[in-house]
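Step one of this worksheet: look at the structure below.
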Amino acid sequence: MIELYTWSTPNGRKVSIMLEECGLPYRVHTIDIGKGEQFTPEFIAINPNGRIPAIVDPQGPDGKPMQLFESGAILVYLAGKTGRFLPLSVRAKYEALQWLMFQMGGVGPMFGQAHHFLRAAKEPVPYGIERYGKETRRLYGVMDRHLAGTPFLAAGEYTIADIATYPWVARHEWHKVELAEFPNVKRWFDTIGRRPAAARGMAVPVPPQ
Ligand SMILES: N[C@@H](CCC(=O)N[C@@H](CS)C(=O)NCC(=O)O)C(=O)O
């Protein structure tokens, strides 16, 4: 049973979607980041960076428990453990890792900053709203042009790159993006949304509000 430490955010849901897609048994431990539970000594012992998600796999590669933080690393680990959602051929594998890094270094941080300035900043900061709003739309443009020629982000198949990106696009209302403006992203988003495992993963630890 994999122990999953998570909260109802896109980074957390990447991992619950992957666990659902792989059919791996897991137990959810909620870490309420609004209440600061990510900073308890017990959780810091699992993730010294004090962020969700994190996992503990009692059966790591050497048979010993394996604890991991950083959602991208967790997805790569689970793909390696199960042989699912990260292609084996070298070209396809690096294509998938490339789009996973695009998510980890671009989509996640930029959409996250857009959410901060649009929803959480203590006072309106027009520069922040403009900067991260523009960058968010630019990233949607990159994905939309790419997805015009391929059903999924990498290698023509559903991979951990899609799993990582989907829960961020699911927050499109938070960053004020109308998906109809990016029809290829919308088609990709709707396709993944029809996957029962993706829907189950999105409902962890509670259904999207
Ligand atoms: N790069 C990290 C980012 C993790 C992250 O920022 N998690 C957020 C929730 S989505 C969090 O735990 N925030 C708590 C805080 O900022 O104190 C990952 O992908 O795992």
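Points to keep in mind about this one:
- Size descriptor, Kirkwood hydrodynamic radius, that averages inverse alpha-carbon separations across segment 152-209, Å: 12.0
- Theoretical FRET efficiency, 1/(1+(r/R0)^6), r = Cβ-Cβ of VAL125 and GLN98, R0 30 Å, to 0.05: 0.40
- Sequence-distant lysines (8 or more away, or on other chains) whose Cα lies within less than 29 Å of LYS134: LYS14, LYS122, LYS176, LYS186
- Heavy-atom surface analysis with a 1.4 Å probe gives the chain a carbon and sulfur content of 56 percent of its accessible area.
- A 1.4 Å probe run over the chain, with the rest of the protein chains in place, finds 50 Å² accessible per residue.
- Helix-only [θ]222 nm of the chain, DSSP H runs n ≥ 4, -39500 (n - 2.57) each, per residue, nearest 500: -14500 deg cm²/dmol
- Those trypsin sites (Lys or Arg not before Pro) in segment 1-89 that DSSP places in a loop and that have at most 12 other beta carbons within 10 Å: LYS35
- Global form of segment 1-42, assessed from the alpha-carbon gyration tensor, a/c cut-off 1.5: oblate
- Cut-off of 10 Å, at most 15 other beta carbons, DSSP loop: longest stretch of the chain lacking such GluC sites (Glu not before Pro): 1-172
- Dividing the Cα radius of gyration of the chain by its Kirkwood radius returns 0.96 for Rg/Rh.
- Computed over all pairs of different Cα atoms, the Kirkwood value for the hydrodynamic radius of segment 115-174 is 13.1 Å.
- Candidates per trypsin sites (Lys or Arg not before Pro) in segment 168-209, loop by DSSP, up to 11 other Cβ within 10 Å: ARG194
The values are calculated or read from the model by the stated rules, or taken from the named source; none is laboratory data. If you're wondering where the values come from, they're calculated on a predicted model, not measured in any experiment. Every residue, glycine among them, receives a Cβ derived from its backbone with ideal geometry; neighbour counts consider all protein chains shown. Each accessible area value is taken on the protein alone, full model and side chains, heavy atoms only, with ligands, DNA and RNA left out. Shrake-Rupley method; radii C 1.70, N 1.55, O 1.52, S 1.80 Å.
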